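Contents: one structure, followed by commentary.
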Amino acid sequence: MKKLLIFSLAMFLGMNVFAQKRLKIGYVNSQAILLQFSEAIKAQSDLDALAKKWQTQIDSMTKDLQNQYAKFQQQGATMTPAKQKQVQQSLVEMDQKINQFRQAKFGQPNGEYFTKQEELLGPVKAKILKAIKAVAHEEKMNFVFDKSGDVLLLYADDQYDITYKVLDRLKRGKY
């Protein structure tokens with residue numbers, strides 16, 4: 001019985017080692033790729049410029065609202081109740097317009113920022129994925145993980161890092 005148990009354990013370990021030798025796993029750091037791939041840099045730069053433009057508009061609208069409110073505080077006591085109500089309503093409307101603009105531009109998931117992000121970065125990400133698949137196929141890898149995303153790698157041997165092979169392929173234009 002003891003010999004059978006030892007034999008079974010040896011067979012299990014032997015098969016486990018055999019199975020591990022056939023499995024080839026690689027990983028990439030997608031953040032490193034996005035920071036070094038020229039098309040991704042350009043797309044992110046365009047997106048950042050657009051967001052800055054919208055934020056400048058929001059800041060300007062907010063400053064106007066603050067100025068109008070300060071003016072109301074100074075002159076409110078001399079206004080008729082009807083004029084006070086009209087100015088207060090105008091201030092509320094200005095605030096609502098600012099919030100609507102902010103929501104239209106930056107609101108998730110339908111804000112223009114996120115739509116533009118998908119429009120600009122979607123094709124770039126598709127190229128990166130295509131390059132990852134090509135490198136994985138060339139290297140005969142079974143799995144490729146992204147170590148910069150939600151997947152957490154506690155240990156990874158550098159020999160399986162294909163980040164720079166993917167970057168090289170992207171820079172050569174071979175997706």
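Viscosity 0.890 mPa s, temperature 25 °C: Stokes-Einstein D of the chain from its Kirkwood Cα radius, in µm² per second?
Taking Rh from Cα pairs, D becomes 114 µm²/s.
Toward the positive end of the charge dipole of the stretch 24-171, about the Cα centre and with charges on Cβ (Lys, Arg +1; Asp, Glu -1), which of V144, V124, F106 goes farthest?
Selected residue: F106.
Where does the stretch 111-175 land on Rg/Rh, using Cα atoms and the Kirkwood Rh?
Using Cα coordinates only, the ratio equals 1.04.
Using the membrane-span-like helix rule (whole DSSP H runs, Cα extent along the own axis of at least 27 Å, mean Kyte-Doolittle hydropathy at least 1.6), which helices of the chain qualify?
Answer set is empty.
Would you kindly state how much longer the chain becomes between T115 and K171 on full extension, computed as 0.36 nm times their sequence separation minus their alpha carbon distance, in nm to one decimal?
Working it through step by step, the gained length comes to 17.5 nm.
Give me the one-decimal nm value for the distance between modelled label points at L47 and A156, 7 Å along each residue's Cα-to-Cβ direction.
My value for the distance between the label points is 2.0 nm.
Of the candidates F72, F101, F143, which one comes out as most mobile in a Gaussian network treatment of the chain with C-alpha springs shorter than 10 Å?
Of the options given, F72 has the highest mean-square fluctuation.
Any read-out appearing in this document is the output of simple, stated calculations on the displayed coordinates, not a laboratory observation. Computed from a prediction, not measured in an experiment: that's the story for all the values here. Don't worry about glycine lacking a Cβ; one is built from the backbone with ideal geometry, like all the others, and counts go over all protein chains shown.
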